[in-house]
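Data block below; observations after.
What follows is calculated from the coordinates using simple rules that are stated; it is not laboratory data. Predicted, not measured: the structure shown is a model, and the values here were computed from it. Because the Cβ atoms are built from the backbone with ideal geometry, glycine has one as well, and the counts that use them run over all protein chains shown.
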Amino acid sequence: MTSSETDRLLTDVTHSTTLQPSSVMRQASTWLVFILLALGAILVLYPLAVVLRASLTPADVLSNIGAMNTGWTLANYQEAWRQGNFLLAFANSTIVALAVTAFQIITSALAGYALARLSFRGRQAILLIVLATLVIPFQILVIPIFLVLKWGHLINTYWALILPTAANGFGIFLMRQYFQTIPVELEEAAALDGANRVQILWRIVLPLARPALVTLFLFAFIGEWNDLFKPLVFTTRPELRTVQLALAEFQEQFTNRWAVLMAAVIIATIPVVLLFLVSQRQFLRGMAATGLKN
């Protein structure tokens, strides 16, 4: 073996010994992250598993939440669906959630684009006002909103459930942040071709902002689907009951029948779970991209 080969061999051995501790540290950190994520998943999924198992337990067997014995049945779901009149509640919640989501997407896209691209006096002040609305609880505004709806004869209508949340500060800020990640050169090239602001927004910006739109859609739809406060305050007609209001009334009637109550909870949860599973890839892309630029 020549001296050059010996030097090369010593160099390789030196590099392997110096890289080994860092490789071990990387593997240890990877396993640590995996363990923490697994523990977090268990903490989140275990209560859902308990609810699902309780909903499939025969009602005459499950006398309390801690006594889930063997046995499986779907009779609890049939009884919960029939007793809770969830068909009407699902229709009302779907109408309200889709309407509010459509309004929020339109208002958030227009306002977010204006705050991200247009230069006008007071833009930063308007942005601060939009951000300030995020720290004001909706419950504080319920009395003036109720008076306005009453003045407009909108109490006990679908509009009473739609208009109070038709615009959302979080959606505006979300779309504004995502629009800032889109290169301005694309819009400038479209402007040189003769496109106006509306055409640029509709044909170029919004198609590129699909992940943010999906993220906003999920936040708005799930928030409205899970909302109990507005239907409880602004409506009294039984035909306007939403899913959460029906579930609250159902809980009062079936407090001691845990299996039927858990089945009702699963029924109310299935739509949003399916919606998230279908849109999760776009949702993650939207959340990952909204904080890239200030």
Using the Cβ atoms and a cut-off under 11 Å, what net charge is assigned to the surroundings of A160, where Lys and Arg are +1 and Asp and Glu are -1? +3
Peptides 125-131, 97-103: what's the order by average Cβ count within 10 Å, highest mean first? 97-103, 125-131
What is the distance in Å between the Cα centres of the stretch 258-282 and the stretch 159-220? 29
Taking the mean number of other Cβ atoms within 10 Å as a proxy for protection, how do you rank 176-189, 37-50 from highest to lowest? 176-189, 37-50
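Using the scaling law 2.2 N^0.38 Å as the reference, what is the normalised Cα Rg of the stretch 140-187?
Values: Rg = 16.8 Å, N = 48, 2.2 N^0.38 = 9.6 Å.
Working it through for the stretch 140-187, the quotient is 1.76.
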What ranking, highest mean first, results for peptides 140-151, 225-236 when packing means the other Cβ atoms within 10 Å averaged over each residue? 225-236, 140-151
